[in-house]
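One structure below.
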Amino acid sequence: MAWIPLFAPLVGFLIVGLLGRTIGDRWSGLITTTLVGIACGVAWSLFPSVVFEGKTITTPLFTWIEVGSLSVSWGLHLDTLCLLMVCVVTTVSFLVHLYSLEYMAHDKALWRFMAFLSLFTFMMLTLVTADNFLQLFFGWEGVGLASYLLIGFWYHKPSASAAAMKAFVVNRVGDLGLVLALGLTYSVFGTLNIAEFLGLCARAKSEVLVIGGHAFPILEVAAFFFFIGAMGKSAQLGLHTWLPDAMEGPTPVSALIHAATMVTAGVFLVARLSPLYELAPVAREFVTFIGASTALFAATIALTQNDIKRVIAYSTCSQLGYMFFAAGVSAYNISIFHLATHAFFKALLFLGAGAVIHAMSDEQDIRRMGGIWKKIPLTYTLMWIGSLALAGIPFFAGYYSKDAILEAAWQAGTPVGHYAFWVGTASAVMTAFYSWRLLYLAFAGKPRADEKVMGHLHEPGMTMLVPLFVLSIGAVFSGYVGHFFVEEATFWQNALALVSRPEEHLPWLVDFVLRIAALCGILLATFFYLKAPNTLEKLTQRVMPLYQFSYNKWYVDELYQAIIVKPLLRLGDIFWTKGDQATIDARGPDGFAQWAMGVGVRMSAFQTGRLSQYMMVMLLGVAVILGFLLATQGGL
């Protein structure tokens with residue numbers, strides 16, 4: 001029964017992928033949605049036995065690769081961490097499948113879209129249920145492929161094709177780190193089984209790897225390489241550039257990729273390898289620093305974006321930073337807790353944004369909205385719920401997990417932990433500010449859209465509203481329910497390396513800052529966008545360089561274009577013109593072809609049609625042959 005959540009989406013993909021054109025969009029949507037729904041139901045049915053009874057399901061299904069001493073089976077591993085991920089992934093995926101039936105109803109290739117969603121779901125489930133690194137890598141690359149297909153689904157748009165290619169290439173950079181980590185793991189430990197590797201880590205604590213004459217602890221190097229892979233998938237600072245551009249895909253794709261699935265794969269990997277990171281303190285501090293910096297970096301950019309989906313995308317990037325710096329201070333349970341609560345409220349926000357775009361005739365610029373809340377009050381209410389959870393307002397889901405992350409960062413008692421705390425607190429203020437900026441610009445004030453768009457404003461149908469209602473329940477209650485379990489070792493069994501912390505009260509200033517951070521952001525946004533918009537305009541003019549710096553996303557894309565992309569394109573052009581065309585082709589196949597053609601042209605000069613010329617050539621030929629025979633026989 002445990003294999004059903006994994007393979008049900010694959011069956012849906014195969015049926016619809018092969019027969020979708022024949023059976024049509026309606027049946028394609030019904031088949032894929034039903035099978036993912038079955039996967040979701042079975043996954044939740046396994047939850048009591050695995051989580052509350054302490055069972056771990058480890059089932060080798062078949063031998064996958066057997067070469068020499070390398071033997072890799074396709075296995076199914078379900079402990080508390082893995083099953084929680086399966087439940088989150090299948091739940092969000094099922095709701096996105098259901099939502100897509102209406103949202104994508106007018107698309108000419110709905111069957112293909114639904115097949116790609118199921119493929120993505122299968123690959124993500126393969127990743128989180130893997131009992132060995134090779135299977136995990138298969139799922140890791142599989143979600144990269146499926147995300148490429150989904151982001152570029154509207155391939156007739158050049159921007160969508162470019163965004164899909166960008167996501168694919170940037171992720172390959174991070175994947176290089178994962179490949180190096182797997183190579184190092186097998187060469188040093190002689191196994192690709194995750195449980196065996198984690199069991200051997202303690203013995204290798206003193207072993208070193210010599211690189212360039214310098215000795216580095218093997219576990220630190222392995223942990224660093226694994227995190228580089230995680231940075232690519234989870235869009236951390238430096239490898240984040242693909243995430244905002246992925247908004248070119250349909251909105252359900254944004255909800256699926258950016259809420260609970262692909263972007264959280266890196267967080268899951270670090271948590272899955274938590275025993276390794278507990279033995280690699282330097283790598284763990286690096287994780288903390290990158291996570292905290294990403295949280296601040298993405299939040300500053302979200303302050304000035306005007307595309308409704310890009311604001312939420314940068315919010316995702318920022319929240320992933322919270323998850324990573326929680327893991328970096330050894331609060332792996334809190335990191336996964338935030339991953340789960342984030343899945344509900346971020347999927348709610350993305351799908352809610354899709355409902356707004358749907359109502360606004362595909363308009364995504366919040367500067368061209370406004371004054372629409374009376375016509376779509378349900379969507380407006382649901383977006384408020386998602387924003388309250390994202391901002392960490394008591395007693396919504398984000399409040400419990402985000403508060404716990406900041407407390408863990410402070411209690412770590414290290415310089416990088418305190419850096420993460422203050423940066424995380426500043427990011428919390430900005431999160432509340434840009435969330436309410438989005439709400440006020442999109443829904444409040446006077447209408448800024450034309451009369452035709454305003455005349456077509458309407459709430460989505462029930463097929464889109466039901467997933468939003470379900471997600472809103474999670475956005476309200478998942479934090480309250482979850483906080484009773486996440487800090488209990490009995491809940492996680494041995495799935496995570498839990499570090500016991502002394503129970504101590506936070507300093508009053510720290511506790512005070514935590515409780516007012518989100519409120520400050522909301523009050524600032526209310527003042528600037530409802531009470532004194534002229535003041536905001538004047539302030540923006542005063543700090544225009546800073547505004548432009550944020551609006552242009554810290555010029556990271558431009559920097560990469562200048563120092564990486566353009567030099568590589570120039571180098572490629574040199575290799576193409578000087579190396580390929582002028583050397584290989586000119587002296588190889590093209591050169592030989594031109595020589596043969598030249599010989600043919602010269603030989604054709606003898607084909608004049610004159611009998612006397614042919615006789616002369618024949619006599620010359622006979623003379624040459626006779627001369628050759630006489631010379632070889634020594635007669636001359």
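The values are calculated or read from the model by the stated rules, or taken from the named source; none is laboratory data. What you see is a predicted model, and the numbers here were worked out from it, not measured in a lab. Here the Cβ positions follow ideal geometry from the backbone for every residue, glycine too, while neighbour counts run over all protein chains shown. Just the protein is used for accessible areas: all its heavy atoms, side chains included, with ligands, DNA and RNA removed. Shrake-Rupley method; radii C 1.70, N 1.55, O 1.52, S 1.80 Å.
Filtering region 375-385 for residues that are part of a helix (DSSP H, G or I), in contact (Cβ under 8 Å) with a residue 40 or more places away in the chain and closer than 29 Å to residue 409 by Cα leaves a non-empty set. Checking each residue in region 575-599 for being surrounded by 11 or more Cβ atoms within 10 Å (Cβ to Cβ) and either of a type in the set (Val, Ile, Thr) or touching a residue at least 12 places away in the same chain (Cβ under 8 Å) (or both) picks out 577, 583, 584. Across region 206-228, the qualifying residues are those that are of a type outside the set (A, V, I, L, M) and loosely packed, with under 11 Cβ neighbours inside 10 Å, and the one among them that is farthest from the chain's Cα centre (by Cα) is 213. Only a single item in (1) farther than 24 Å from residue 333 by Cα; (2) modelled with pLDDT under 90; (3) open to solvent by 40 Å² or more (accessible area, probe 1.4 Å) is not met by residue 58, and it is number (1).
How about region 356-374: which of its residues are assigned to a loop (DSSP other than H, G, I, E, B) and not basic (Lys, Arg)? Answer for region 356-374, where residues must be assigned to a loop (DSSP other than H, G, I, E, B) and not basic (Lys, Arg): 360, 361, 362, 363, 364, 369, 370, 371, 372, 373.
Here residue 374 meets the list (1) closer than 30 Å to residue 505 by Cβ; (2) more than 28 Å from the chain's Cα centre (by Cα) almost entirely, failing just condition (1). Does region 240-248 include one or more residues that are within 21 Å of residue 86 (Cβ to Cβ) and open to solvent by 10 Å² or more (accessible area, probe 1.4 Å)? No, the conditions are met nowhere in region 240-248.
Among 51, 42, which is touching a residue at least 12 places away in the same chain (Cβ under 8 Å) and either open to solvent by less than 10 Å² (accessible area, probe 1.4 Å) or assigned to a strand (DSSP E or B) (or both)? One residue alone meets the criteria, 51.
For region 286-303, enumerate the residues that are open to solvent by 10 Å² or more (accessible area, probe 1.4 Å), part of a helix (DSSP H, G or I) and of a type outside the set (Gly, Ala, Ser). Selection gives 286, 289, 290, 296, 300. Annotation note: of 499, 486, the sole residue that is in contact with a Phe, Trp or Tyr (Cβ under 6 Å, 6 or more places away or on another chain), of a type in the set (Val, Ile, Thr), under 15 Å from residue 334 (Cβ atoms) and outside any helix (DSSP H, G or I) is 486. Here residue 363 does not fit the description of being in contact (Cβ under 8 Å) with a residue 60 or more places away in the chain, of a type in the set (Asp, Glu) and closer than 19 Å to residue 483 by Cβ.
Is it the case that region 450-465 has a residue that's modelled with pLDDT under 90, basic (Lys, Arg) and surrounded by 14 or more Cβ atoms within 10 Å (Cβ to Cβ)? No. Just wondering, is there one or more residues in region 423-438 that are surrounded by fewer than 23 Cβ atoms within 10 Å (Cβ to Cβ) and aromatic (Phe, Trp, Tyr)? Within region 423-438, none of the residues are surrounded by fewer than 23 Cβ atoms within 10 Å (Cβ to Cβ) and aromatic (Phe, Trp, Tyr).
The condition (being under 30 Å from residue 307 (Cα atoms) and exposed (fewer than 15 other Cβ atoms within 10 Å of the Cβ)) is satisfied by just one residue among 549, 469: 469.
The selection criterion, being modelled with pLDDT under 95 and either under 30 Å from residue 84 (Cα atoms) or open to solvent by less than 10 Å² (accessible area, probe 1.4 Å) (or both), holds for residue 417.
Scanning region 269-285 for residues that are touching a Leu at 6+ places or on another chain (Cβ under 7 Å) and part of a helix (DSSP H, G or I), we see that the one that is nearest to residue 235 (Cα to Cα) is 271. Scanning region 4-37 for residues that are closer than 17 Å to residue 101 by Cα, of a type in the set (A, V, I, L, M, F, W, C) and either open to solvent by 70 Å² or more (accessible area, probe 1.4 Å) or not in a helix (DSSP H, G or I) (or both) turns up 27, 30.
Of all positions in region 147-157, none carries a residue that is under 30 Å from residue 282 (Cβ atoms), aromatic (Phe, Trp, Tyr), open to solvent by 20 Å² or more (accessible area, probe 1.4 Å) and without any contact (Cβ under 8 Å) to a residue 60 or more places away in the chain.
Only one entry in 559, 536, 569 is of a type outside the set (Ser, Thr, Tyr), assigned to a helix (DSSP H, G or I) and open to solvent by less than 50 Å² (accessible area, probe 1.4 Å), namely 536. Restricting the first member to region 493-521 and to residues that are at pLDDT below 85, and the second to residues that are exposed (fewer than 15 other Cβ atoms within 10 Å of the Cβ), the beta-carbon pairs closer than 6 Å and six or more apart or on different chains are 493/54; 498/489. When restricted to residues that are modelled with pLDDT of 90 or more and in a helix (DSSP H, G or I), region 202-226 contains 9.
Filtering region 309-353 to residues that are open to solvent by less than 10 Å² (accessible area, probe 1.4 Å) and either in contact with a Pro (Cβ under 7 Å, 6 or more places away or on another chain) or assigned to a strand (DSSP E or B) (or both) leaves 313, 314, 351. Mind checking which residues of region 148-171 are touching a helix residue (DSSP H, G or I) at 6+ places or on another chain (Cβ under 8 Å), part of a helix (DSSP H, G or I) and not hydrophobic (A, V, I, L, M, F, W, C)? Of everything in region 148-171, those that are touching a helix residue (DSSP H, G or I) at 6+ places or on another chain (Cβ under 8 Å), part of a helix (DSSP H, G or I) and not hydrophobic (A, V, I, L, M, F, W, C) turn out to be 148, 159, 166, 171.
Return yes or no: is residue 141 within 22 Å of residue 73 (Cα to Cα), in a helix (DSSP H, G or I) and of a type outside the set (Ser, Thr, Tyr)? So residue 141 fits the description; yes. Among all positions in region 600-608, there is at least one residue which is open to solvent by less than 60 Å² (accessible area, probe 1.4 Å) and at negative phi.
Would you confirm, using the coordinates I've provided, whether residue 171 is open to solvent by less than 20 Å² (accessible area, probe 1.4 Å), within 16 Å of the chain's Cα centre (by Cα), at negative phi and not β-branched (Val, Ile, Thr)? So residue 171 fits the description; yes.
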